[in-house]
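Written below as structure tokens is the structure these notes are about.
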Amino acid sequence: MNKKLSLPVQIGIALAAGVAVGLICYFAGVKDFTTAYLKPIGDIFVNLLKFIVVPVVLLSMIDGIISMNDMKKVGSAGIKTVAYFLCTTAIACVIGLVFANIFKGVGLFPDLSKQLGSAEYTPPEYAGLMATIVAIFPSNMWQSFFNANMLQVIVISLFLGGSILAAGKKAQLVRDFVGSAYSVIEQLMGFIISLAPIGVFTYMAWVVANQGPDILGSLALVILCAYLAYIVHAVLVYSASAKAFAGMSPLAFFKGAMAAMVFAFSTTSSAATLPVSTECAEKMGAEKDIAAFVLPLGSTINMDGTAIYQCVATVFIASCAGINLTFGQMIMVVATATLASIGTAGVSGAGMVMLAMVLEAINIPVAYIGLIVAVDRLFDMGRTCLNVTGDIACSLCVTKWESKKAAARK
Ligand code: ASP
């Protein structure tokens, strides 16, 4: 009997082992051992996450745009879908930031900058709105990749994706190339995510050995914060929009979506949940054509749970690094987390990879992701569940909007 343990189980074991080893090292007074030998291994994992973020964003966004190929044909349904996705994601970011700031404000997020060091940080001066907008547009594509300037990478993806669509048949080779290259990157991402247990074990041991048992309480609090925001968003935005636009009671909505929500919670992959969410949405009254368009697109670009997680994690990590985010930086977080969640693939752990982009955009040391790597799975379960619920709510609303329009035309 040599059945391989599933990744969640491996991560769970790694987490427990890391905490145990960390506590032993803490009480035995040998925390330097973890800093000298375990943390560097975790650093390798974080470096790999950082290394993959540019190709993932570039290819997944271009691939997403190409898959909207029949945007014109789908016409108004496409625009409504994207509008629903963007509005709800921006609201999600605000809810995430509000909860995170409340938690930080009442002192529930720690400041670990003294213990962890490396937080020499001077907040960049806010250059003003116009200068910030100008800076989003790259003057040299390679430099954007080189500096991992994610906003610029997204702009590049939008332009290239749009141009590929505009070039029509002549761009077939490039389309095939993007599709094929994206598959390669997905494989690589899968491989890096499969190393998560090693990253989890080493970082957890290092963090616990250096912080003592206190950090465990802080992590529980940041997870609680994210889940509160997930729940508020599901109730306030999804069930309310299903009620307002599709006339469905919140109870009927959550009951209908439950199967997909549970599946997403355990698999932590929107993409893997697609067949289940399609079945749920159709049973709840979404039109077949619309569900077939909205749900796959949603599983690729609509990630409100991920956006909330990225906002909460950013405020938490900034707090640990001893950084107070300015109002301008918060706006930047809303913008980048909205875009980052769009660029997040619907697979397990992808949101954490994209978190690096949000942190980089506001100059927070990406290495601090190490603080929450260990518990990412716990965040991921809730965020994927929320992501899938949003796709289902959208398919119901768009069905209603389109049927009203069709009725008006008659
Ligand atoms: N696991 C999430 C999903 O598939 C993406 C993420 O990691 O945030 O929806």
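Filter the range 249-265 down to residues that are at pLDDT 90 or above and crowded, with 22+ Cβ neighbours inside 10 Å and give me whichever is farthest from the ligand (Cβ to nearest atom). Across the range 249-265, the extreme among qualifying residues is 253.
Among the residues of the range 218-229, some residue qualifies, meaning at least one is farther than 22 Å from residue 91 by Cβ and out of contact with any Phe, Trp or Tyr (no Cβ under 8 Å at 6 or more places or on another chain). Of all the numbered requirements in (1) under 26 Å from residue 256 (Cβ atoms); (2) touching a residue at least 60 places away in the same chain (Cβ under 8 Å), residue 407 misses one, and that requirement is (2).
Note on the range 261-272: residues that are under 26 Å from residue 243 (Cα atoms) and in contact with an Asp or Glu (Cβ under 8 Å, 6 or more places away or on another chain) amount to 1.
Take the range 332-348 and flag every residue that is in a loop (DSSP other than H, G, I, E, B) and either in contact with a Leu (Cβ under 8 Å, 6 or more places away or on another chain) or buried (at least 24 other Cβ atoms within 10 Å of the Cβ) (or both). Spell out how you get there, then give the answer.
Filtering the range 332-348 down to residues in a loop (DSSP other than H, G, I, E, B) leaves 344-348.
Across the range 332-348, the qualifying residues are 344, 345, 346, 348.
Of all residues assigned to the range 180-188, at least one qualifies as being assigned to a helix (DSSP H, G or I), closer than 25 Å to residue 344 by Cβ and in contact with a Pro (Cβ under 7 Å, 6 or more places away or on another chain). Within the range 347-390, restricting attention to residues that are within 12 Å of the ligand (Cβ to nearest atom) and small (Gly, Ala, Ser), the residue that is modelled with the highest pLDDT is 390. Taken over the range 391-410, residues that are away from the ligand (no atom under 13 Å from the Cβ) and of a type in the set (Asp, Glu) amount to 1.
Whenever a residue of the range 273-291 is at positive phi and surrounded by fewer than 22 Cβ atoms within 10 Å (Cβ to Cβ), its partners that are part of a helix (DSSP H, G or I) and among the aliphatic types (A, V, I, L, M), lying with C-beta atoms within less than 7 angstrom and at least six residues away or across chains, give the pairs 285/396. Based on this model, can you work out whether residue 224 counts as exposed (fewer than 15 other Cβ atoms within 10 Å of the Cβ), over 24 Å from residue 376 (Cβ atoms) and at pLDDT 90 or above? No, not satisfied.
Just one residue in the set 114, 104 is at pLDDT below 70 and of a type in the set (Lys, Arg); that residue is 114. Screening the candidates 326, 268 for the property of being modelled with pLDDT under 90, buried (at least 18 other Cβ atoms within 10 Å of the Cβ), closer than 30 Å to residue 153 by Cβ and not aliphatic (A, V, I, L, M) yields one hit, 268. Taking the range 274-304 as the range and being closer than 17 Å to residue 242 by Cβ, outside any helix (DSSP H, G or I) and not acidic (Asp, Glu) as the test, the residues that pass are 284, 285, 286, 302.
Determine if the range 202-213 includes at least one residue that is surrounded by fewer than 17 Cβ atoms within 10 Å (Cβ to Cβ), over 16 Å from residue 380 (Cα atoms) and either at pLDDT below 95 or acidic (Asp, Glu) (or both). So far as the range 202-213 goes, yes, one or more of its residues are surrounded by fewer than 17 Cβ atoms within 10 Å (Cβ to Cβ), over 16 Å from residue 380 (Cα atoms) and either at pLDDT below 95 or acidic (Asp, Glu) (or both).
Taking the criterion of being at positive phi and at pLDDT below 85, would at least one residue in the range 68-84 satisfy it? I'd like the intermediate steps shown before the answer.
In the first step, residues of the range 68-84 are kept if they are at positive phi; the result is 75.
Retained after the next criterion (residues that are at pLDDT below 85): 75.
Yes; the residues of the range 68-84 include at least one that is at positive phi and at pLDDT below 85.
Every listed requirement among (1) within 11 Å of the ligand (Cβ to nearest atom); (2) over 23 Å from residue 110 (Cβ atoms) is met by residue 308 save one, (2). For the range 25-36, filtered to residues that are in contact with a helix residue (DSSP H, G or I) (Cβ under 8 Å, 6 or more places away or on another chain) and in a helix (DSSP H, G or I), the residue that is surrounded by the most Cβ atoms within 10 Å (Cβ to Cβ) is 34.
The values are calculated or read from the model by the stated rules, or taken from the named source; none is laboratory data. Computed from a prediction, not measured in an experiment: that's the story for all the values here. A quick note on method: Cβ atoms are made from the backbone with ideal geometry, for glycine too, and the neighbour counts reach across all protein chains shown.
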